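Enquirer: Take a look at the following structure, please.
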Amino acid sequence: FLSQDQNFSDKVISLLPYKYKRIANRHLKARREFLNMSLSRSKPDVLPAWEIIPPEPADKLIAYYKKAQADTGIDWEILAAINLVETGLGRISGRSVANAQGPMQFLETTWNLPGIGMDKDIDNPHDSIQAAARYLVQRGGLENIKKGLWGYNNSEYYGRAVLEYSEILKEDPRSFKGFYYWQIHFNSSKGDIWLPVGYKQNQSIPISTYLKQFPASAPPDYSFTNSD
């Protein structure tokens with residue numbers, strides 16, 4: 001909500017202790033980049049055919065990122081940020097609207113490029129993270145990480161958002177613990193719909209149907225913000 005209401009977010013930021021203002025602004029900037037990324041397309045009124053699963057243990061994920069950094073030179077924070085924005089650190093199991101899959105969301109054609117998937121498992125967190133690092137290198141990420149991120153997703157909005165999250169991790173590596181517990185909220189025509197661990201749909205389902213079954217997943221009521 002804060003990312004969509006500049007006046008209200010400014011008021012909230014002004015009330016924060018100084019040491020938290022910078023990181024809060026980075027969160028807002030990242031979220032706004034993703035909102036801008038979706039402006040050109042209508043928001044869906046159906047929920048995707050996904051399963052929401054628990055992510056790998058946090059210490060294992062960090063070990064995978066740092067192994068990839070040691071092997072390729074791509075900063076582990078960049079890989080963690082991609083994993084976060086693509087699948088909530090692996091919570092989303094299923095194909096995207098572009099037919100990408102796995103924790104780092106690869107198209108099969110990209111995965112099968114020489115030196116990327118290397119006959120590993122596209123759905124395996126370790127294998128997917130290592131492949132993402134190799135792909136960023138192939139797309140020029142060592143010379144210019146913005147160029148590498150453009151190769152990963154052809155959107156300036158995407159690249160800027162990933163960099164904001166990676167900078168949060170670089171400024172305070174402990175922030176990964178906070179990211180680790182983020183839930184999946186699906187940006188839809190009816191607002192951000194919470195998809196908890198255990199959500200499982202074999203085919204798309206109308207949001208109205210889902211909310212009748214699970215009303216707790218509906219977006220919060222922010223009408224209080226209009227009161228003085």
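The values are calculated or read from the model by the stated rules, or taken from the named source; none is laboratory data. This is a predicted model, so every value here is computed, not measured. Every residue, glycine as well, gets a Cβ built from its backbone with ideal geometry; the counts of neighbours run over all protein chains shown. The area values use the complete protein model at the heavy-atom level, side chains included, leaving out ligands, DNA and RNA. Shrake-Rupley method; radii C 1.70, N 1.55, O 1.52, S 1.80 Å.
Enquirer: Return the pair list, or none, for Cβ contacts closer than 9 Å from residues in the stretch 167-186 that are farther than 13 Å from Trp76 by Cβ and open to solvent by 80 Å² or more (accessible area, probe 1.4 Å) to residues that are part of a helix (DSSP H, G or I) and among the charged types (D, E, K, R), at least 6 apart or on different chains.
Expert: Close Cβ pairs satisfying both conditions: Glu171/Arg22; Glu171/Arg26.
Enquirer: Follow-up. State all residues of the stretch 71-112 that are at positive phi and not in a loop (DSSP other than H, G, I, E, B); if no residue qualifies, say none.
Expert: Listed by number, the list is empty, since nothing qualifies.
Enquirer: Looking only at the stretch 109-125, filter to residues that are farther than 21 Å from Ala63 by Cα and among the β-branched types (Val, Ile, Thr); which one of those is surrounded by the most Cβ atoms within 10 Å (Cβ to Cβ)?
Expert: That would be Thr110.
Enquirer: A further question follows. Going through Gly88, Gly73, Gly102 one at a time, which residue ends up being in contact (Cβ under 8 Å) with a residue 24 or more places away in the chain, surrounded by fewer than 19 Cβ atoms within 10 Å (Cβ to Cβ), of a type outside the set (D, E, K, R) and closer than 26 Å to Ser155 by Cβ?
Expert: Answer to the selection: Gly73.
Enquirer: Among the listed residues Ser128, Ser96, identify the single one that is out of contact with any helix residue (DSSP H, G or I) (no Cβ under 6 Å at 6 or more places or on another chain) and surrounded by fewer than 22 Cβ atoms within 10 Å (Cβ to Cβ).
Expert: Every option except Ser96 fails the conditions.
Enquirer: Quick one: would you say Leu142 is modelled with pLDDT of 95 or more, crowded, with 20+ Cβ neighbours inside 10 Å and more than 14 Å from Gly102 (Cβ to Cβ)?
Expert: Judged against the criteria, Leu142 is not a match.
Enquirer: Looking only at the stretch 37-70, which residues are part of a helix (DSSP H, G or I), open to solvent by 90 Å² or more (accessible area, probe 1.4 Å) and free of Cβ contacts under 8 Å to residues at least 12 places away in the same chain?
Expert: Across the stretch 37-70, the qualifying residues are Asp59, Lys66.
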